[in-house]
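All remarks here apply to the structure that follows.
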Amino acid sequence: NTAIGELSLNLNTTGYSNTATGRWSLYHNTTGYQNTAMGNSSTVSNTTGYSNTAIGDESLQNNTTGFQNTSNGNYSLQHNTTGYQNTANGYSSLQNNTTGYTNTANGDVSLQNNTTGFQNTAIGDSSLRYNTTGYSNVAVGGASLSANTTGYTNTANGFGSLSSNTTGYQNTASG
């Protein structure tokens, strides 16, 4: 284990192959392993989660047992607790995700409000921004499917496509 920063890896007991850089990073980790946390309070609540990567202040901050998550950007996957195999790249991407799994968010505030939605892909700033529980959606392009909240199996390709859809399902739009 490598710990650089005030109280980083502070409670570690048997966790191994962890790297914590930044104040309070991986603070609560006890048995979690192969985690990388870079940034103040990144993955601070992790206890047993494993194979997580958090780069950015408060990224994966509330993760406890979630595993194989990747967050790049301040506040990305910040509220994730047990969600797993999520990827968030960009400021506040997947920020409010709690238990959602296998989501991919690339772009600032993409999938920002997702809580329990799963298997969503958002590529572009603000894509699927207001999604909460919707699942199996694909949004490619800035602001595509941005208003979606609970809709599922939608596909939107292009800037702003299906941006007004909130609860609709099985829609496809290109352009």
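A compact table of results
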item	result
Ser92 being modelled with pLDDT of 95 or more, part of a loop (DSSP other than H, G, I, E, B) and over 24 Å from Val138 (Cβ atoms)	no
Long-range neighbours under 6 Å by Cβ, at least six apart or interchain, first residue of a type in the set (Phe, Trp, Tyr) within the range 1-27, second open to solvent by less than 40 Å² (accessible area, probe 1.4 Å)	Trp24/Ser41; Trp24/Val44; Tyr27/Val44
Residue within the range 79-89 that is modelled with pLDDT of 95 or more, farther than 29 Å from Tyr152 by Cβ and surrounded by fewer than 20 Cβ atoms within 10 Å (Cβ to Cβ) present	no
Filtered residue count, the range 152-175, keeping only those that are open to solvent by less than 70 Å² (accessible area, probe 1.4 Å) and not in a loop (DSSP other than H, G, I, E, B)	4
Selected residue (criterion: nearest to the chain's Cα centre (by Cα)) from residues of the range 49-67 that are open to solvent by 30 Å² or more (accessible area, probe 1.4 Å) and farther than 19 Å from Thr102 by Cα	Glu58
Pairs where the first residue, in the range 115-134, is outside any loop (DSSP other than H, G, I, E, B) and the second is basic (Lys, Arg), C-beta under 9 Å, 6+ apart	Ala122/Arg129
Filter result (under 18 Å from Gln119 (Cβ atoms) and open to solvent by 40 Å² or more (accessible area, probe 1.4 Å)) within the range 68-78	Gln68, Thr70
Single match in Tyr84, Tyr75, Tyr101, Tyr130 (criterion: more than 25 Å from Gly32 (Cβ to Cβ) and either in contact with an Asp or Glu (Cβ under 8 Å, 6 or more places away or on another chain) or aromatic (Phe, Trp, Tyr) (or both))	Tyr130
Selection within the range 94-151 - open to solvent by 40 Å² or more (accessible area, probe 1.4 Å) and touching a His at 6+ places or on another chain (Cβ under 7 Å)	Asn96, Thr98
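The values are calculated or read from the model by the stated rules, or taken from the named source; none is laboratory data. Source: prediction; values computed, not measured. Positions of Cβ are generated from backbone atoms using ideal geometry, with glycine treated the same way; all protein chains shown enter the neighbour counts. Each accessible area value is taken on the protein alone, full model and side chains, heavy atoms only, with ligands, DNA and RNA left out. Shrake-Rupley method; radii C 1.70, N 1.55, O 1.52, S 1.80 Å.
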